[in-house]
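So the structure is just underneath, and the comments pick up after that.
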Amino acid sequence: MAPIGSLWGDARQRQTKYILSAAAIAGLEVDLQPFEFGVTNKSPEFVNKFPFAKIPTFEGEDGFILLEGASIARYVASLAPESGLLGNSIKDAALVDQWIHFAEHEINTFTDYIWQLVERFVPEKAYSENIHKVIAERQERSLKFLEQNLDLRKFLVTDEITLADIIVAGVIQRAARVTLGAAERALYPNVFAYYERVAGDPRIKDIFGAKDFVEVPVAPKKDE
Amino acid sequence: MAPVGKLYCVPVMTQTKTIKSVCAVAGLELEIPEYKHFSDNRTPEFLAKFPHGMIPAFEGADGFNLTEGVPIARYLAGRAPNSGLLGSSPEDAALIDQWVHFFESEVAAHTDIISGMLKNFFPYSKGIHTFLAERQLRSLLTLETHLSTRTFLVGDRITLADIIAASVLQRVVSVTADAAVRAKLINTVRFLETIVHQPKLEAIYGPTEYVEKALQYVPPKKEKAPAPPVAPKEKKEKEKPKKAADDDEEDDGNLVPEEPKEKNPLELLPKSTFNLEDWKRAYSNKDTRGADGSLEWFYANFDKEGFSVWRVDFKYNEELTQVFMSSNQIGGFFNRLEASRKYLFGSVGVLGEANASIISGVLILRGQDSKAAVDCAPDFESYDYTKLDGSDNEPDKAFFEGALAWDLEVNGKKWADGKNFK
């Protein structure tokens, strides 16, 4: 079968995993292009075609260009409605949407900010542990909510994996590599049992790859 | 026509404007019940429908409950396919999706954190403020180029993307995108004006407050009640709904305790040459050890008549378990010392490992009596305070420097994690 388009992304990047997983379950092929961070996205060819110069970036076989990981994943899913990735009704689709939004804004945003703080992307010598703490607490609140509301007998929206499960699992994997060490993960047994179910699905196991969970949350880099 | 459902929300939130606008264009009637944030969303009835307790929350007339602003907007838009709000092809829908996601992650997220810091929901950091404003500008310039040849974001008519864009941008131009920045965003401003003045949407969006100069942080004065001072151009709303609105979460706001009625005895001490705020800045901006480090600054500027240095040790180390929990305990202790912020600096850590650790560190405080500076914290007596004499006493000096540099080691236990009070 012919690929539906090309994807520039990094196989380790959470958003790229969303898209490849959606494609795998939808039975569609997406052509992952070679991409070297700092090189490909600075090359004139790339920047002229994709001015925002961020990954993932998708270019359909018909020339259709799309940005934003979750949006690309949703588009891929929408091309195979029988896959059940967006549920089986308008209301299912809305609930899939709701969980994706929750995962990205109420969990992942905080992982990203904490990563930026500890890796010193923020141009200030002093690491701000106050902000770190406040943001970590917001994430905890969301994780507690997810922990209490997961029904382990099914998936988030239907009895089958939907795009919501793929994206929540991707977000959890990322959090467990940055903000959630072994001690923190032990606070959310349902969440991590759910993660194993989703990421262990034979169709997407290799896309999610090795867990690479951290023992302790990533510590702030020492001031140079 | 019967209402399609109820929306629990507060008027000023961007998500509220988005959802109302979608309904206006889609020709759907939306019921907005009386709603008091922080109380109505904590009732058992509300939580039974919406367990996470957040707004906006949509209760469909048919009993379908949905949360998360954009998903609610998208669902309602989908109920009126002829409105064109979601485009007329999968590609259109995907592009609308893309722009919505872009606005939320690459524009609104930054305004949210910056605004949160300016209103004291988060501790303020100038570095983070600058960093986020720069990233946001990059996104806005991408948008600017896209809009240079277009009236609407996708296709030739208004879609969900335009509505969300306008809601987000209306806030951006009142917080970060000031007159100087807007000079680079002519098409974006033109676009914003076009959308907010659409006849069906004008009343929902209301007037746009264009800020002259990007909002700057003004630290709260202790004497006032927790009122975040923001630029006068901000909309005049009642304090409480405004705070709730800019954050769709439950923020219990500023936890600054009230000023004690009698004057603090530490205020009555004779003036000192050592400026605690300058020290805090030096500690934050310099390396601790080495040439031109903060320790060097400290020894050059410290006034041992006006201030004193103390070793602080937790009394019940055998109770300590996980390192991160002990670290949280220090954080809690520091939170409760807030009333002494003007008189105190601390660097305290957890040394050792889980179930074999101690809490230990130093305080630099005004005056010669530790109790006067720390007794505002109800749990101050859980710690031992030992005055350190830095001048000639080598072990004291080594302890002090280790606590500041976060490399202190005591009885073989190494510094694992710590907190600063500054």
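The values are calculated or read from the model by the stated rules, or taken from the named source; none is laboratory data. These figures come from a predicted structure and were not determined experimentally. Using ideal geometry, Cβ is built from the backbone for each residue, glycine included, and neighbour counts are taken over all protein chains shown.
Assorted remarks:
- Residue that is farthest from the other protein chains (Cβ to nearest Cβ) [pool: residues in the stretch A:80-90 that are surrounded by fewer than 16 Cβ atoms within 10 Å (Cβ to Cβ) and part of a helix (DSSP H, G or I)]: A:Glu82
- The set of residues from the stretch B:93-107 being facing chain A (nearest Cβ under 7 Å) and aromatic (Phe, Trp, Tyr) comprises just one member, B:Phe102.
- Just one residue in the set B:Ser327, B:Ser308, B:Ser347 is in contact with a helix residue (DSSP H, G or I) (Cβ under 6 Å, 6 or more places away or on another chain) and buried (at least 17 other Cβ atoms within 10 Å of the Cβ); that residue is B:Ser347.
- Candidate set: the stretch B:1-21, residues that are of a type outside the set (D, E, K, R) and part of a helix (DSSP H, G or I); chosen: the one surrounded by the most Cβ atoms within 10 Å (Cβ to Cβ): B:Ile19
- Verdict on A:Glu36 being acidic (Asp, Glu) and more than 25 Å from B:Ile96 (Cβ to Cβ): yes
- Residue that is out of contact with any helix residue (DSSP H, G or I) (no Cβ under 6 Å at 6 or more places or on another chain), in a helix (DSSP H, G or I) and at pLDDT 95 or above, where the choices are B:Ala73, B:Ala24, B:Ala48: B:Ala24
- Scope the stretch B:374-387; condition modelled with pLDDT under 90 and part of a helix (DSSP H, G or I); matching residues: B:Phe380, B:Glu381, B:Ser382
- The stretch A:65-79, subset surrounded by 16 or more Cβ atoms within 10 Å (Cβ to Cβ) and more than 30 Å from B:Phe64 (Cα to Cα), residue nearest to the chain's Cα centre (by Cα): A:Leu67
- Test result for A:Asp112, free of Cβ contacts under 8 Å to residues at least 40 places away in the same chain, acidic (Asp, Glu) and under 20 Å from A:Ile19 (Cα atoms): yes
- Residue match in the stretch A:161-177 (condition: at negative phi and over 18 Å from the mean Cα position of the chain (by Cα)): no
- Boolean, B:Asp303 is assigned to a loop (DSSP other than H, G, I, E, B), touching a residue at least 12 places away in the same chain (Cβ under 8 Å) and surrounded by fewer than 19 Cβ atoms within 10 Å (Cβ to Cβ): yes
- Scanning the stretch B:59-68 for residues being facing chain A (nearest Cβ under 9 Å) and part of a strand (DSSP E or B) gives a total of 3.
- B:Ala57 satisfies every condition listed in (1) among the small types (Gly, Ala, Ser); (2) crowded, with 23+ Cβ neighbours inside 10 Å; (3) at pLDDT below 95 except (3).
- Meeting the requirement of 2 or more residues that are within 30 Å of B:Met325 (Cα to Cα) and out of contact with any strand residue (DSSP E or B) (no Cβ under 7 Å at 6 or more places or on another chain), the helices (runs of 4 or more DSSP H) wholly within the stretch A:155-213 are A:163-175, A:182-185, A:189-199.
- Of all residues in the stretch B:313-323 being within 10 Å of chain A (Cβ to nearest Cβ) and more than 14 Å from B:Trp415 (Cβ to Cβ), the one that is surrounded by the most Cβ atoms within 10 Å (Cβ to Cβ): B:Gln322
- Which numbered condition A:Leu95 fails, given (1) under 28 Å from B:Pro56 (Cα atoms); (2) touching a residue at least 40 places away in the same chain (Cβ under 8 Å); (3) more than 8 Å from chain B (Cβ to nearest Cβ); (4) under 19 Å from the mean Cα position of the chain (by Cα): (3)
- When B:His129 is tested against the conditions (1) assigned by TED's automatic domain parsing to the domain that holds B:Arg171; (2) surrounded by fewer than 22 Cβ atoms within 10 Å (Cβ to Cβ); (3) touching a Phe, Trp or Tyr at 6+ places or on another chain (Cβ under 8 Å), the lone failure is (2).
- Going through (1) under 29 Å from B:Glu305 (Cβ atoms); (2) in a strand (DSSP E or B); (3) within 14 Å of chain A (Cβ to nearest Cβ) one by one, B:Val350 falls short only on (1).
- Residue match in the stretch B:107-122 (condition: out of contact with any strand residue (DSSP E or B) (no Cβ under 9 Å at 6 or more places or on another chain), modelled with pLDDT under 95, of a type outside the set (Val, Ile, Thr) and at positive phi): yes
- The residues on offer are A:Leu156, A:Leu143, A:Leu152, and the sole one that is touching a residue at least 24 places away in the same chain (Cβ under 8 Å) and within 12 Å of another protein chain (Cβ to nearest Cβ) is A:Leu143.
- Selection count where residues are more than 7 Å from every other protein chain (Cβ to nearest Cβ) and either on the phi > 0 side of the Ramachandran plot or of a type in the set (A, V, I, L, M, F, W, C) (or both), scope the stretch B:69-92: 9
- Taking (1) at pLDDT 90 or above; (2) farther than 13 Å from B:Phe345 by Cα; (3) within 28 Å of the chain's Cα centre (by Cα) in turn, B:Leu276 satisfies each apart from (2).
A quick yes/no check of all residues on (1) acidic (Asp, Glu); (2) in a helix (DSSP H, G or I); (3) touching a Gly at 6+ places or on another chain (Cβ under 8 Å):
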{"residue": "B:Val309", "(1), (2), (3)": "no, no, yes"}
{"residue": "B:Asp313", "(1), (2), (3)": "yes, no, no"}
{"residue": "B:Ser340", "(1), (2), (3)": "no, yes, no"}
{"residue": "B:Lys397", "(1), (2), (3)": "no, yes, yes"}
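- Filtering the stretch B:117-157 to residues that are closer than 30 Å to B:Ser284 by Cα and of a type in the set (A, V, I, L, M) leaves B:Met117, B:Leu118, B:Ile128, B:Leu132, B:Ala133, B:Leu137.
- Test: residue in the stretch A:137-156 that is of a type in the set (S, T, N, Q) and more than 24 Å from A:Lys17 (Cα to Cα): yes
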